[in-house]
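Have a look at the structure below before the remarks.
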Amino acid sequence: MSKRSILVVDDDRNTRDYLATFLTASGYAVDCLGSGDEAIERLASGPSPSLILLDIMLPGKNGIEVLATVKAIHPMIPIIILSGIGQIKTVVEAMKIGASDYLAKPFEEEALELAIENAIEKERLKEEVKTLKQQLAFVEQGNILTSNPQMLRIIDIARHVAGTDVPVLILGESGVGKEVVASFIHEQSNRSEGPFVKINCAALPHELLESELFGYERGAFTGAIRDKIGKFEQADKGTLLLDEIGEMSPHLQAKLLHVLQDAEFSRLGGKKTVKVNVRVLAATNKKLKEAVLKGEFRNDLYFRLNVIKLEVPPLRERREDIPLLCNHFLEKYRERYQSPVQLFPKEVMETFFRYDWPGNVRQLENIVKRYLILPDADVTSELKNATTEASVPAPQQNLSLKEVAGHAAEIAEKEVVLRMLEETGWNRKESARRLRISYKALRNKLKKWQLVRERPTEDVRTLVRSA
């Protein structure tokens, strides 16, 4: 086992020589420097020590300035401040910045040994708690279970970027688990004790979305009878997930860019500037790069959000995860629905494995719940028919070419409508607007096709499809 290393930063040569001799005899590897500038340069280029003994009075950068700089670069290194008599105010300031302990010169050797042991042990325990919390967070994200190399890489990147405050852009089809990845990043971060707030930018009209994001003051508009804080204020010292950010209006894109740059904004109808400390994650199933080229999404906002990009693959590209997810959902919902199902029959699993899952993990979860509630339902035939329906049928003898074309067009139209409804969370007015048809026309189509929304959790209803 390698020796613990201690960096001594003190401008007094006698103090440095004494500490080097004593600490080396105590079993530590010791490095001594005479100024704060040397210490910062050494930490920027060399390996991190186990602990730093830092004098308050230094030439050039003083001990407080060095402490602040080191904590910004290496927040996990414990630092013990060495102070003279009459420097209590400075010591208090150092403790607020993040010093682990302090010793007033001259100090006893026993006091030095105890302070070093306590500081190192305290940091070890903090690191252990952080690791355990990270492991627990991973276990709680059961639906991120995967054996797919691409997903494992995404999880690895998510862990690495979680400790920073840079924005993360999460891309992927509807239902692949973008929100789960965002939640995973939050739970792995230093903000995990803070709130995780999410908002779907496609589910609200643009005017309402602005008030939801930034809040409003009393009297800002008709019906604003009291002040209301927005999602940014709710997420202060935590994480805010902007889901379906590709649907945000140009006006809100500009306001969001300002918040990302300056960490401040004003509520609707308000004059006071509100400052927030929020880590922003964004998710979309839209190809934002194409939207930028079409002028539908701000170029500067795209580059501000696209610091780290994670592309979550669809379930059809990671079929090895289907058995893992099925077993997870089985364990998760079996007791809730008091289901007698203990295992999925081989035929069901084979059908699951072959099916392309256009609704991805969300669709798989709903199908599993349905099977647990209605184990006698013919799930395999339903999925096989859905796969067949997606293909254009061959002409039959009693059908004209016009009839075949009409039937194929209706199937294609139904798929487009379904996809749009899933993207908007079954917001029919928003779906009609994006499809450029009237709301009444959309309602008539849904009635004709007998399409209804499948309710989540306990109120599980089937999604009825008829050709």
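The values are calculated or read from the model by the stated rules, or taken from the named source; none is laboratory data. Predicted model, so just to flag it, every value in this text is computed and none were measured. In this analysis, Cβ positions are derived from the backbone assuming ideal geometry, glycine residues included, and neighbour counts consider all displayed protein chains. These area figures cover heavy atoms from the full protein model, side chains too; ligands, DNA and RNA do not enter into them. Shrake-Rupley method; radii C 1.70, N 1.55, O 1.52, S 1.80 Å.
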Problem - Spatially proximal lysines relative to LYS61 (Cα-Cα < 30 Å; intrachain offsets below 8 disregarded) - result: LYS3, LYS71, LYS89, LYS96, LYS105, LYS122, LYS126
Problem - For the chain, calculated [θ]222 nm from helices alone, where every DSSP H run of n ≥ 4 adds -39500 (n - 2.57) - result: -15000 deg cm²/dmol
Problem - FRET efficiency estimate (nearest 0.05) - Cβ-Cβ, LEU114 to VAL180, R0 56 angstrom - result: 0.80
Practice task
Using a 1.4 angstrom probe on heavy atoms only, work out the carbon and sulfur share of the accessible area of the chain in %.
Solution key: 52 percent
Problem - Hz values of 3J(HN,Hα) by residue in the range 13-28 - Karplus curve (6.51, -1.76, 1.60), Gly and Pro given as x - result: 4, 4, 5, 4, 5, 4, 5, 5, 5, 5, 6, 5, 5, 7, x, 9
Handout entry: Formal net charge of residues neighbouring VAL168 (Cβ-Cβ distance under 9 Å; K, R +1; D, E -1)
Key = +2
Practice task
Restricting things to alpha carbons, tell me how big the range 174-302 is in terms of Rg and Dmax, in Å.
Solution key: 14.8, 42
Handout entry: In sequence order, calculated HN-Hα J values of the range 340-351 (Karplus, 6.51, -1.76, 1.60; Hz; x Gly/Pro)
Key = x, 5, 10, 9, 7, x, 4, 5, 5, 5, 5, 5
Handout entry: Crossing angle, helix 250-262 versus the chain [Cα axis fit, 0-90 degrees, rounded to tens]
Key = 20 degrees
Practice task
Calculate how steeply helix 36-45 sits against the longest principal axis of the alpha-carbon atoms of the chain, using the helix alpha-carbon long axis, and give the answer as 0 to 90 degrees to the nearest 10.
Solution key: 40 degrees
Handout entry: Under the Debye formula (equal points on every Cα, no solvent term), log10 I(q)/I(0) of the range 289-343 at q = 0.14, 0.23, 0.27 Å⁻¹
Key = -0.64, -0.90, -1.03
Completion exercise
For the chain, the per residue accessible area (1.4 Å probe, Å²) is 53 Å²
Exercise for the section: Starting from the amide H of LYS198, placed 1.01 Å from N in the peptide plane, find each other amide H under 5 Å away whose residue is 5 or more places distant or on another chain. Expected result: LEU241
Exercise for the section: Would you mind estimating how fast the range 203-252 diffuses translationally, via Stokes-Einstein at 20 °C and 1.002 mPa s with the Kirkwood radius over Cα pairs, in µm²/s? Expected result: 181 µm²/s
Problem - Distance violations [Cα-Cα > 29 Å] among LYS346/LYS369; LYS231/LYS271; LYS384/LYS445; LYS384/LYS447; LYS272/LYS429 - result: LYS272/LYS429
Problem - Table column - 3J(HN,Hα) (Hz), the range 318-334, Karplus curve with 6.51, -1.76, 1.60, x for Gly and Pro - result: 9, 4, 5, 7, 4, x, 4, 5, 4, 5, 5, 5, 4, 5, 6, 10, 4
Completion exercise
Taking only the Cα positions of the chain, the convex hull volume per residue in Å³ is 216 Å³
Handout entry: Ordering of 164-171, 4-11 by packing [mean C-beta count within 10 Å, highest first]
Key = 4-11, 164-171
Exercise for the section: Sort all Cα-Cα distances of the range 157-248 into consecutive 5 angstrom bins from zero, then give the percent of pairs in each bin up to the one containing the longest distance. Expected result: 3, 13, 21, 21, 18, 13, 6, 5, 1, 0
Completion exercise
So, over other residues within a Cβ distance under 11 Å of LEU315, counting Lys, Arg +1 and Asp, Glu -1, the net charge is -2
Problem - For the range 2-78, alpha-carbon Rg relative to the globular expectation (2.2 N^0.38 Å, N residues) - result: 1.02
